[in-house]
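Take this structure, written in structure tokens, and hold onto it; I'll ask about it next.
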Amino acid sequence: MTQTAAKPQIDTSLPRVIEELPLLELPPEELRERQAKLLRLLWCSRRLLFRAAALGLLASTLVAFLIPKSYTSTTQLMPPDSQSTSGLAMMAAMASKVGGGLGSVAGDLLGVKSSGALFIGVLRSQTAQDRLIQQFDLKKIYGKRLTADARTKLDENTSIAEDRKSGIITISVTDHSPQRAAALSNAYVDQLNSLVAELSTSSAHRERVFLEERLKVAKRDLDAAVNELAQFSSKNNTLDIQQEGKAMLDAAGSIAGEMIAAQSQLEGLRQIYTENNSRVRSLEARVSSLRKQLEKLGGKQDNSGGTEPTSGSTSSPGSHAGGPAAETGSMPYPSIHSLPLLGAKYADYYRRAKIQETVYELLTEQFELAKVQEAKETPSVKVLDPGTVPEKKSFPPRLLIMFLGTFLASSLCVVWVVGADHWNQADPQDPRKMLAQEVAATLRARTPWASANGTRANGAGAGSGEKDSSSQGDNNGTPLGGPGKS
């Protein structure tokens, strides 16, 4: 039953639509008559249209000149070298792990398509923007209390794009001050260089960091070893044990040879002369003096194996590690018997200082090579066109604003004139017109503060519309709704 009832409704509705379609096609004569009627209406309201256009032009001009000027500074960057690919990949992996907004820069090593995309991500990172906000005090300039709001405003004023064919990155910054716009565009490049250097995790960078720390430790150990060697040498009056030992042995050999020759000569004189002879006494004194010098040079060895100072000595030889050497008489050097012990300790201190010196030299050489290699692997940003102070404003387009304001005011006035004419010509018994009047009356009743003005405006509009219609009909000799004279 339901299906059979629905079928007649569909059949009866379709012919009605088909019957109404030919009514939409108007004959050319009637179409021309309507066009002429519309043009005649606009011509009769030309003064109103001119006034509306003038008011629109005046208002748009005022708005265009009240909008503050904005300047745009542009910086262009060259793409990095192909040698920096490994450094960029490792930097991307590092950027995905650090905080401060750089986690969204690279995200994943497989997600990095090109070095330009990575650079754009670094430039738009929260870390770079926060540094620029702090450097230029943008919260005060933008009138923002929160850093997040200033970051959003900076992102709106900044445009960063990459040319897919050439790989050139363009950074454009818009600001009310041309000097600040140029400074911000160049500051983006500085922040990019700084962040790329900080996030570089290449092997050369890790080696350079390790060598830098190791170099500090080696320098500290070298200073300590040299200081110990200097204190030992100063305490034992030694400069170079090997050279001093050789010199002392040569001197002891010469003195011993002279003493043996003097003793041989003394024995020969004793066979000829008595002990009271002046020559015998002179040789005995000579032999005794040489023996004392030899004892001072070599020191006396006691029964316990140590060395005892000879007559005139002031201190015992250094039998302990690092102890003072035996000063025989006024001799400013240690004795021969104390040289082996001092030599062993001196060689230990000297070897330690020499090892630390060699380590420091090797680390210094490797550190310099690592810095050179790091500079090669770190992606370098090359500025193609630096940001300059713009000479012309980029916003607002005043002529365009004035033209659009004038056109909008004129269009609204045309719509108002045509609408008022259709309202006046509508049948008073038209349900749509009656509904509009009821709605207007209800609104006036609910808004008593605007009812008087609305009534006057409505009455004035209706009166003016009727007056225009009657005057137009008088001028043409026929009513506005009837056909005019050709």
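Looking at this structure, is K393 assigned to a helix (DSSP H, G or I), under 31 Å from the mean Cα position of the chain (by Cα), touching a residue at least 40 places away in the same chain (Cβ under 8 Å) and surrounded by 13 or more Cβ atoms within 10 Å (Cβ to Cβ)?
no
Okay, moving on. Looking at this structure, is L211 open to solvent by less than 10 Å² (accessible area, probe 1.4 Å), among the aliphatic types (A, V, I, L, M) and within 23 Å of E377 (Cβ to Cβ)?
yes
Also: Are there any pairs with C-beta distances below 6 angstrom linking a residue in region 409-438 that is closer than 22 Å to R34 by Cβ to a residue that is assigned to a loop (DSSP other than H, G, I, E, B), with the two at least 6 apart or on different chains, and if so which?
Pairs found: V417/S45; K433/A426.
Given (1) modelled with pLDDT of 75 or more; (2) touching a helix residue (DSSP H, G or I) at 6+ places or on another chain (Cβ under 8 Å); (3) surrounded by fewer than 18 Cβ atoms within 10 Å (Cβ to Cβ), where does L239 come up short, assuming only one miss?
L239 satisfies every listed condition except (1).
At pLDDT below 70 and either out of contact with any His (no Cβ under 6 Å at 6 or more places or on another chain) or among the hydrophobic types (A, V, I, L, M, F, W, C) (or both), is that true of I67?
For I67, the condition - at pLDDT below 70 and either out of contact with any His (no Cβ under 6 Å at 6 or more places or on another chain) or among the hydrophobic types (A, V, I, L, M, F, W, C) (or both) - is not met.
Still on this structure, please answer the following. When you go through A187, A224 one by one, which is the residue that is outside any loop (DSSP other than H, G, I, E, B), modelled with pLDDT of 85 or more, surrounded by fewer than 16 Cβ atoms within 10 Å (Cβ to Cβ) and of a type in the set (A, V, I, L, M)?
On inspection, the qualifying residue turns out to be A224.
I need every pair where a residue in region 60-71 that is surrounded by fewer than 17 Cβ atoms within 10 Å (Cβ to Cβ) has its Cβ under 6 Å from the Cβ of a residue that is at pLDDT below 95 and in a helix (DSSP H, G or I), sequence separation at least 6 or different chains.
T61/M402
Counting only residues that are surrounded by fewer than 17 Cβ atoms within 10 Å (Cβ to Cβ) and under 13 Å from the mean Cα position of the chain (by Cα), how many does region 131-168 have?
Counting residues in region 131-168 that are surrounded by fewer than 17 Cβ atoms within 10 Å (Cβ to Cβ) and under 13 Å from the mean Cα position of the chain (by Cα) gives 2.
What about L404, is it under 46 Å from the mean Cα position of the chain (by Cα), part of a helix (DSSP H, G or I) and free of Cβ contacts under 8 Å to residues at least 40 places away in the same chain?
no
Residue by residue, here is whether (1) touching a Gly at 6+ places or on another chain (Cβ under 7 Å); (2) surrounded by fewer than 16 Cβ atoms within 10 Å (Cβ to Cβ); (3) assigned to a helix (DSSP H, G or I); (4) modelled with pLDDT of 85 or more holds:
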position	(1), (2), (3), (4)
P379	yes, no, no, no
V383	no, yes, no, yes
V389	no, yes, no, yes
L399	no, yes, yes, yes
V414	no, no, yes, yes
V418	no, yes, yes, yes
R432	no, yes, yes, yes
L435	no, yes, yes, yes
V439	no, yes, yes, yes
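What number of residues in region 138-157 are of a type outside the set (V, I, T) and farther than 19 Å from S172 by Cβ?
Of the residues in that region, 8 qualify.
The values are calculated or read from the model by the stated rules, or taken from the named source; none is laboratory data. Everything numeric here is computed off the predicted structure, so don't read it as measured data. Every residue, glycine among them, receives a Cβ derived from its backbone with ideal geometry; neighbour counts consider all protein chains shown. SASA here: full protein model, heavy atoms, side chains in, ligands and nucleic acids out. Shrake-Rupley method; radii C 1.70, N 1.55, O 1.52, S 1.80 Å.
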